[in-house]
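First the structure, in the form of structure tokens, and then the observations on it.
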Amino acid sequence: MRTMLEVHDLSYRYDEKTVLHDVTFTVEKGEFFGILGPNGSGKTTLLKLLSKELAMQKGMITLNGTPLVSFSQKELAQLVAVLPQNVETSFGYTVKETVELGRYAHQRGLFPKWTDDDERAVIEAVERVGLHAKQQQGIDRLSGGERQRVYLARALAQQPSLLLLDEPTNHMDMAQQMNLLDQLKQWTNEKRLTVVAIFHDINLASLYCDRLLLLHEGRVVCIGEPSDIIEESALKHVFDAAVRRQAHPVVPTPLVTFLPKIEPIKKERDVLDSLKVTKSQEQIVVAASKPFKTLSSAVVGAGFQWATHFVNRHVPNDYCCDDAEEEMKQYLKARSFNVHRTVGMMTAVCLEDAAYVYRKEADVALYTVVTAGVGNAVDAAKAWEHESVAQTIGTINIIILIDGQLTDAAFVQAMMTATEAKAKALYDEHVLDPNTNTIATGTSTDCVAIAASQQGAVFDYAGTATPLGKAIGRSVYKATVEALRKYRKRRGDVEC
Amino acid sequence: MLLGISIGSLSIPFSTIIDIFLSQWFGVSAPHPIPDNLVQIVMAIRLPRVVLAFFVGASLSLAGAAFQGLLKNPLADPYTLGVSSGASVGAVIVLFFHWQLPWIGTFTLPLVSIAFGLITLFLVLFFARAVDRRLSVETIILTGIIFSAFFSALISLMIALTGEELRQIIGWLMGSVAMRGWNYTLMIAPFFAVGGLLLLMNSRELNAFAFGEAIAAHIGVDVAKRKLIILTGASLLTGAAVAVSGAIGFVGLVVPHMIRLVIGPNHRLLLPLSLLYGGAFLVLADLAARTIISPRELPIGVITSLIGAPLFAYLFLKRTKRKT
């Protein structure tokens, strides 16, 4: 039989107040099943019904195919262990004595003998939670996290098939939470242990659970895999809190972040006008008075980053470094930039040739900085013909600061639009790929940063048909052409 | 124990006592003859008194340990449930009305007393159950307090109405193990055996209850049933002890605490040790009661409190110091 737990049409009421309405779900063997819901949604009541702590009123719960009501307390304890949210601390008991209680259900007779099996199960459980060294200590002298692990060990000493957890990681620090959940997850895989756990933390639930049940006012909102359940509108409805869903950077599961309800920091008017641009031989620094949400391919601060400083640094022609990112960070730190708030790029181009374009239209304002060198210009469509990477100088760095709120889609489209405008500039300036003698589309080391103030006008899209896209295309084209011309003039290029 | 038999208004050396035991129980004749009156004193007065003191002390502290563990209340003692008040009411009624039931004669008092104790237990449990079907600890304690208060008032009422029996009633209420003879000792024995066994069998359950009833249920304890068994066992012990010796305070409260301070709260050790030390404690207390102002006797309850309280305070202080 594959089904561990089956709950059918379960309802429960305390006096006049119904706290569970027709809850139905099944949990398979070896599954890690999470229950999510705000306070008062009936999570704990549901768990108490499963552990028989509350007597069932209406509905059906079957365990391994047998109705829950037909289990005696002892039979149930051989199958199901519970780790409740709050455990009264009992003074004076040692860790081992506490864990030994877990063997109660497996002992028989009036004065049962302590068997080798009992001893083994206890020792194993204590070791599993990493408290072997402390087994003779009084539990009242342990930290909250350690104590929770003692109670987990007792639950494990019961050698259950089903483990019920009510916010198991309460009172634990981050590392302890992860350790505990990692371990539980491992047991569900290795020992076919079934876990049903209440979670407070949506992200932890998303990381560890095979399936989730979303409970709201005693009703099941939805059941499914985290990627299906963790959905902005459902969470907003259930938790009544604004959340944003994102992808986990490593694990294929969604993460949510909560949006604080603090008043948006007073919109600064003309935030682009207050930009401080410092130009020198060594670097161009664009400093903003507030952080800009930035999507970039820069050396430092790649991906999404909130940044106040945008640094385009000049490096010598023969700059070569195994770990350019680390070297760039050191460079920024040495100049007292906050590395976490800085987007840093490099170029070998003479910084005096940079082009600066400020555009302000009716509903769009943006500021663009471009440095261009095309020594290693590449035609992307023919790049495969290149045998080796050209070591000549030349990079087109584009920084665009926009006053407005961009969606993720708008960020990506802004990037596309900027790239297309750049390619067109190269086309019009007739920049050739020296290897293939075809028109180049860029250089091999180009970099783009799209930064948005995330205040004021909202831009859902930034494609070439939108006002923002049009402004980006126009600015980037203009700046790139200007920078290219300056660059070529300096190099005495006579092609154009 | 030997000490308890030996010392009295007439001191008897250990060797003589052992000789008496040997000759009385094993037919080994002593090397030199022992005066009959000494044999009489040892076998009919001192020994039963010491054994009775031991039973009473053991019963009270065992019951106290169980109540404290089950109710998770350090101030709980054998009298928490009101059982002793009930038993006292029974005894005082007997003294007040000069009852003498046929056949049992002088045993009217202890038997009525035990009967009242048991009736009280069932009343308390019945009432607590009517209030709260799950028999939660709070309900039990509250119910016990209500019944205790009511019975105490009854006793006070009878004392107020009484005349010449006053001294007798007060004397009984203060408790004593004096001049009871083997009959009393034999009477408490079966209750002691049954109640003690019930509690010792439930030491693991008591450990589980220490973590709360929910936890106890989670690890497989049939909470309602076990609670009832433990309460019954402890009440049997208390009722029987009160019936044969009156209300002797402090033993049930202090002895388990002292044991707990020394060996920790694990009931598998706590219960048997409370039994032994509680018995020994009362034997010594009784010894002190009859020797300090010999040949007059002090009420044993005074002694238990006088010895118990400072000892408890000392242990408590020592433990607190060690902890910090």
Point to revise | Among (1) within 10 Å of chain B (Cβ to nearest Cβ); (2) over 40 Å from the mean Cα position of the chain (by Cα); (3) modelled with pLDDT under 85 - the single one A:Thr115 does not satisfy | key: (1)
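Is there a residue being within 14 Å of chain A (Cβ to nearest Cβ), part of a helix (DSSP H, G or I), of a type in the set (A, V, I, L, M, F, W, C) and over 20 Å from B:Leu75 (Cβ atoms) anywhere in the range B:279-293? Reasoning before the result, please.
Residues of the range B:279-293 within 14 Å of chain A (Cβ to nearest Cβ): none.
No - not one qualifying residue is present in the range B:279-293.
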Point to revise | Conditions (1) part of a strand (DSSP E or B); (2) under 23 Å from B:Ala216 (Cα atoms); number of the one not met by A:Leu54 | key: (1)
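Taking the range A:118-142 as the search range and keeping residues that are assigned to a helix (DSSP H, G or I) and over 40 Å from the mean Cα position of the chain (by Cα), which one is nearest to the other protein chains (Cβ to nearest Cβ)?
To start, the set of residues in the range A:118-142 that are assigned to a helix (DSSP H, G or I) comprises A:118-128, A:132-134, A:139-141.
Remaining after also requiring over 40 Å from the mean Cα position of the chain (by Cα): A:118-120.
Numbers: A:Asp118: 12, A:Glu119: 15, A:Arg120: 18 Å.
For the range A:118-142, the residue satisfying everything is A:Asp118.
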Exercise for review: Take A:Ile402 and decide whether it is buried (at least 24 other Cβ atoms within 10 Å of the Cβ) and over 30 Å from A:Cys320 (Cβ atoms).
Suggested key: yes
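So is A:Leu156 open to solvent by 20 Å² or more (accessible area, probe 1.4 Å), part of a helix (DSSP H, G or I), closer than 20 Å to A:Lys74 by Cβ and in the same structural domain as A:Arg245 (by TED's automatic domain parsing) or not?
Working: open to solvent by 20 Å² or more (accessible area, probe 1.4 Å): yes; part of a helix (DSSP H, G or I): yes; closer than 20 Å to A:Lys74 by Cβ: yes; in the same structural domain as A:Arg245 (by TED's automatic domain parsing): yes.
Judged against the criteria, A:Leu156 is a match.
Going by the conditions given, is A:Asn170 under 30 Å from A:Ala77 (Cα atoms) and not in a strand (DSSP E or B)?
Working: under 30 Å from A:Ala77 (Cα atoms): yes; not in a strand (DSSP E or B): yes.
It is true that A:Asn170 is under 30 Å from A:Ala77 (Cα atoms) and not in a strand (DSSP E or B).
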**Study point:** A:Phe258 vs. criteria open to solvent by 40 Å² or more (accessible area, probe 1.4 Å) and closer than 24 Å to A:Val195 by Cα
**Key:** no
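Given the options A:Gly65, A:Gly109, name the one that is over 30 Å from A:Asp9 (Cβ atoms), more than 8 Å from every other protein chain (Cβ to nearest Cβ) and open to solvent by 10 Å² or more (accessible area, probe 1.4 Å).
On the way: A:Gly65 fails: over 30 Å from A:Asp9 (Cβ atoms).
Testing whether each residue is over 30 Å from A:Asp9 (Cβ atoms), more than 8 Å from every other protein chain (Cβ to nearest Cβ) and open to solvent by 10 Å² or more (accessible area, probe 1.4 Å) leaves just A:Gly109.
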Study note, to complete from the structure: Residues of the range B:198-222 being more than 7 Å from chain A (Cβ to nearest Cβ) and either free of Cβ contacts under 8 Å to residues at least 12 places away in the same chain or open to solvent by less than 10 Å² (accessible area, probe 1.4 Å) (or both), in sequence order, are B:Leu199, B:Asn202, B:Glu205, B:Leu206, B:Phe209, B:Ala216
Review point. Got a sec? Which of B:Gly239, B:Gly195, B:Gly171 is within 30 Å of A:Thr98 (Cα to Cα) and outside any loop (DSSP other than H, G, I, E, B)?
Key: B:Gly195
Exercise for review: Go through (1) within 14 Å of another protein chain (Cβ to nearest Cβ); (2) touching a residue at least 24 places away in the same chain (Cβ under 8 Å); (3) open to solvent by 50 Å² or more (accessible area, probe 1.4 Å) and name the single condition A:Lys48 misses.
Suggested key: (2)
Point to revise | Condition check for B:Pro78: closer than 24 Å to B:Ala153 by Cα, modelled with pLDDT under 80, assigned by TED's automatic domain parsing to the domain that holds B:Glu213 and assigned to a helix (DSSP H, G or I) | key: no
**Study point:** Evaluation of A:Val87 against (1) open to solvent by 10 Å² or more (accessible area, probe 1.4 Å); (2) closer than 28 Å to A:Met172 by Cβ; (3) more than 7 Å from every other protein chain (Cβ to nearest Cβ) (one fails), failing number
**Key:** (3)
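Taking A:Gly34, is it at positive phi, more than 8 Å from every other protein chain (Cβ to nearest Cβ) and either in a loop (DSSP other than H, G, I, E, B) or touching a residue at least 60 places away in the same chain (Cβ under 8 Å) (or both)?
Working: at positive phi: no; more than 8 Å from every other protein chain (Cβ to nearest Cβ): yes; either in a loop (DSSP other than H, G, I, E, B) or touching a residue at least 60 places away in the same chain (Cβ under 8 Å) (or both): yes.
Taking the combined requirement at face value, the residue does not satisfy it.
The values are calculated or read from the model by the stated rules, or taken from the named source; none is laboratory data. What you see is a predicted model, and the numbers here were worked out from it, not measured in a lab. Cβ atoms come from the backbone with ideal geometry, glycine included; neighbour counts cover every protein chain shown. Quick note on the areas: whole protein, heavy atoms, side chains included, nothing else; ligands and nucleic acids left out. Shrake-Rupley method; radii C 1.70, N 1.55, O 1.52, S 1.80 Å.
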